[in-house]
1. Tell me which residues, restricted to segment 135-151, are assigned to a loop (DSSP other than H, G, I, E, B) and touching a helix residue (DSSP H, G or I) at 6+ places or on another chain (Cβ under 8 Å).
2. Of all residues being of a type outside the set (A, V, I, L, M) and touching a Pro at 6+ places or on another chain (Cβ under 8 Å) in segment 99-110, which is nearest to residue 136 (Cα to Cα)? Just the residue, please.
3. Quick test of your reading of the structure: residue 111 fulfils all but one of (1) in contact with a strand residue (DSSP E or B) (Cβ under 6 Å, 6 or more places away or on another chain); (2) at pLDDT 90 or above; (3) surrounded by fewer than 21 Cβ atoms within 10 Å (Cβ to Cβ). Name the failing condition by number.
4. Are there any pairs, at least 6 apart or on different chains, whose C-beta atoms fall under 6 Å, with the first in segment 193-214 and assigned to a loop (DSSP other than H, G, I, E, B) and the second of a type in the set (Phe, Trp, Tyr), and if so, which?
5. Of the numbered conditions (1) at pLDDT 90 or above; (2) loosely packed, with under 13 Cβ neighbours inside 10 Å; (3) not assigned by the TED database to the domain that holds residue 30, residue 179 satisfies every one except a single condition; which is it?
6. Given the structure, is residue 44 in the same structural domain as residue 13 (by the TED database) and modelled with pLDDT of 95 or more?
7. Consider only pairs whose beta carbons are under 9 Å apart and that are at least six residues apart or on different chains; among these, list those whose first residue lies in segment 95-123 and is among the hydroxyl-bearing types (Ser, Thr, Tyr) and whose second residue is open to solvent by 30 Å² or more (accessible area, probe 1.4 Å) and in a helix (DSSP H, G or I).
8. Would it be correct to say that residue 154 is modelled with pLDDT of 90 or more and not assigned by the TED database to the domain that holds residue 229?
Amino acid sequence: MGLNLYVLSENSPDNQHVGWSVSQNLEEVLSSVFKPVFLYPTHNQSIRLGSLKVSDRYVSFTRRYRHRLFRSWYELEQLPSLDSGINVLLIVGLGSQFLLSMHTLGPLLKRFDVRIGYLLDGFSANHLNPAAISCLDYLFTISQDMADSVRETHGINAMYLPLATNTLRVELNRQHRWIDILSYGRRNEAIHRQLHARFGGAESDRFYLYSTFSKPDLLDRGEHVMLHSRLLNHAKISLCFEEHPTFDETVNWRAVH
């Protein structure tokens, strides 16, 4: 009896947001192991919260009346056909709102043998839609604290599954690493200021490479993933921080040479 994997992904091929680069790497790994069916729901044009920061009260209101006001928060162009064997549904998104995309499957949702959610960014357990997570057998998060909070709040199987990368692309034995410190993604401003003051000037014999723009859209996400991989391969130290780092921001960086 074979295993059939169906992936509801927020990583739409038309989306050039840099945040979905991690989803692209994940999909490449899944494709190399399984022969998954990728499904890309799109936003229902009737409602687009997107990245708007809304209050808990508004989130609660939209949860309560979503089915009355809107058919679904997402649309799917075509439903898949389930094969014989074990059918597994994997829902991969950045924020918790994307779990609502499972409703695009309609009655087909209940026919899956296993339903798994995997959220690749931070979120509040209070913003999880009860009607969505009650359909899941497992929910994976990128931090232990979030998994614990989800279990305590909703009583479902939530587990910590850290973000990973395809290490076969990493050239561990590369001798010429001309980037001394590479900072990418979210950064800690206090640490960045110290690094820039120490290594950012023309007189420094060390090269500190960091981003100077805030726009999240890319010209070509695939090209960005390849370039970023090369930068990592040429960096001696790479820095990327969580949204809310817990370490002391007064760390003394004079030990960095």
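1. 135, 136
2. Among those that are of a type outside the set (A, V, I, L, M) and touching a Pro at 6+ places or on another chain (Cβ under 8 Å), it is 101.
3. (1)
4. 200/208; 206/199
5. Every condition holds for residue 179 apart from (2).
6. no
7. 96/127; 118/26
8. Considered against the rule, which asks whether it is modelled with pLDDT of 90 or more and not assigned by the TED database to the domain that holds residue 229, residue 154 comes out as yes.
The values are calculated or read from the model by the stated rules, or taken from the named source; none is laboratory data. This is a predicted model, so every value here is computed, not measured. Don't worry about glycine lacking a Cβ; one is built from the backbone with ideal geometry, like all the others, and counts go over all protein chains shown. The protein model used for the area step is the full one, side chains on, heavy atoms only, and it has no ligands, DNA or RNA in it. Shrake-Rupley method; radii C 1.70, N 1.55, O 1.52, S 1.80 Å.
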